[in-house]
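Comments concern the structure below.
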Amino acid sequence: MPQSRMLSSPPMPPALSSWSVHSDHSIYKSNRSFTDSAEGKRQKRVMKYKAYGVEGKMKTSFRNGIRWVKDKYCSLVHRY
């Protein structure tokens, strides 16, 4: 296999703004972006809220994991 072929990255997925999802869960490509209408702006805002929520859950999970490791280490070292 040629080295140039091995180093090439996979194609990037299309931008979210070029895809539309219908109520029957079918997806089709459209030329409109999210900012074309009030509904599009609302959908974009809702996606941001969901992203913030996921980010907060990840931070909390990481913090709890670090706390668990710290507590285990302290209990082993101090034997209590």
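The values are calculated or read from the model by the stated rules, or taken from the named source; none is laboratory data. Computed from a prediction, not measured in an experiment: that's the story for all the values here. Backbone-built Cβ (ideal geometry, glycine too); neighbour counts: all protein chains shown.
Quick check: anything in the range 4-12 surrounded by 10 or more Cβ atoms within 10 Å (Cβ to Cβ), assigned to a loop (DSSP other than H, G, I, E, B), at pLDDT 60 or above and out of contact with any helix residue (DSSP H, G or I) (no Cβ under 6 Å at 6 or more places or on another chain)? The answer is no; no qualifying residue exists. Please tell me if residue 17 is surrounded by 10 or more Cβ atoms within 10 Å (Cβ to Cβ) and modelled with pLDDT under 90. Criteria met by residue 17.
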